[in-house]
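Comments concern the structure below.
The values are calculated or read from the model by the stated rules, or taken from the named source; none is laboratory data. As the structure is a computational prediction, the values presented were derived from the model and not from experiment. Positions of Cβ are generated from backbone atoms using ideal geometry, with glycine treated the same way; all protein chains shown enter the neighbour counts.
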Amino acid sequence: MSRRTVLSAVGGNGAVFEAAAARRIPQCMAAPQRSFSSTAQRNATQITHFKPASSPELDALLSTIRHQIIMPAYLTETQRKRLYSSRWEKRLAQDPIVMEVDGEVFRFRHLEPFKGGMVNTRKSIGQAVSQFSTDADWENLRPLLEGVHNAGRRLSDTFLVKLVRIVGEKGHADDLIECARGARRTGFRLDRPEKVNELLHYVQLKAVDAAWARPQTEQALRRAELVIELLQSDAHAPAEDAIVEGSLPLHRDPQVLMAPLHLAAALVVKGGVTDAKVVEKVDKLADTVVRLWPADTPLRKLYPIKEFLDEVQMGYLLQPSKFVAITTPLLHGLDLAAQAVSSPELAAQLRSRHQVLESDIQKALREVQSSNKASHRGKAVYNKFFGGA
């Protein structure tokens, strides 16, 4: 994706321009005033701003990301080339590129992208989000993703899965779902299975961590349903070359559907909800899951082999600890759903899937136990739901 070369203006003296009024930029800087005036204008409210963070270190990091990664996108292509060119290093040290946006002045001197002269986009985002702790910090998540996306920096699916885990472990999966709602601006798309199922994993954990309290479980259910709604929108449609022949669309994947099934069933079994609409929702979701998941079929057999060649597609299910972590909430959900549905026949169908999945999870747990290198995440999640030392 190419970087945009558009500027922004708000009102008369809020125009974006290059060259400070108190000094003159040399003519060799390619007539900056002319360069800026020839580009399109955009509203300055779209320029990334961060709220004051919880620590000076986090403030400094966000400021660096803004200055080195986000704001250069608003320079012209010629100016950006000079910004990153070693030939212009001395010239810019004496005479930096100056840009003013609605009263805020930015001065750009040479940035060296390949020799440690500027922060790494993915690493700096991970470091920043790992430091988020207050509500004000978390309000910076969306502008951070929007700014990086607008700057044309592509974040790989592998990195975004890592970001989901960082955010989810901090209990803020809801904030990422909000970013997904604005996918066209944030670039956070729910288009790959691992990304979606990790996000739904943390949505379910919020309910269990709240001891299945009704308000938190209802909220988690709404969030899971919103994710499935988003999966059906064009903004989250996977690229054509990422679609494997014979695979189910994500909003019809049993793994995905078992998240809202789990939470709806928990409202009935754990929360004592008897509302007919909730029971009907459990029945409908359970019926869909058993129709999409043939009896006596291991979960991993539901997907074409080709999908397991890609880590963020289904390859993650081949890792024992990750398999246990992602599927344990689903196992718990099948158990609750079998107790919640109104049909004995449907309950029996759910128990048969539960039995198959439980066998696979126990096998994976043994593999985790016998491996010194395996992550302990899967075992920790299993114990969270089913107890154990």
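Details
- Sole exception among (1) in a loop (DSSP other than H, G, I, E, B); (2) in contact with a strand residue (DSSP E or B) (Cβ under 7 Å, 6 or more places away or on another chain) for ARG107, by number: (1)
- Residue in region 162-179 that is assigned by TED's automatic domain parsing to the domain that holds MET314, outside any helix (DSSP H, G or I) and within 10 Å of the chain's Cα centre (by Cα) present: no
- Qualifying helices (runs of 4 or more DSSP H) (wholly inside region 52-94; at least 3 residues being more than 14 Å from PHE106 (Cβ to Cβ), modelled with pLDDT of 90 or more and touching a helix residue (DSSP H, G or I) at 6+ places or on another chain (Cβ under 9 Å)): 56-65
- Check on LEU155, of a type in the set (A, V, I, L, M) and in contact with a Ser or Thr (Cβ under 8 Å, 6 or more places away or on another chain): yes
- Number of positions in region 290-325 that are closer than 30 Å to GLU169 by Cβ, β-branched (Val, Ile, Thr) and surrounded by fewer than 23 Cβ atoms within 10 Å (Cβ to Cβ): 1
- For region 223-275, the set of residues classified as of a type in the set (Val, Ile, Thr), more than 22 Å from ALA347 (Cα to Cα) and not in a loop (DSSP other than H, G, I, E, B) consists of VAL227, ILE228, listed by residue number.
- Within the option set SER156, SER124, SER130, being under 20 Å from HIS49 (Cα atoms) and either free of Cβ contacts under 8 Å to residues at least 12 places away in the same chain or surrounded by fewer than 17 Cβ atoms within 10 Å (Cβ to Cβ) (or both) holds for one residue only, SER130.
- Taking the conditions (1) touching a helix residue (DSSP H, G or I) at 6+ places or on another chain (Cβ under 6 Å); (2) in a loop (DSSP other than H, G, I, E, B) in turn, ALA211 satisfies each one other than (1).
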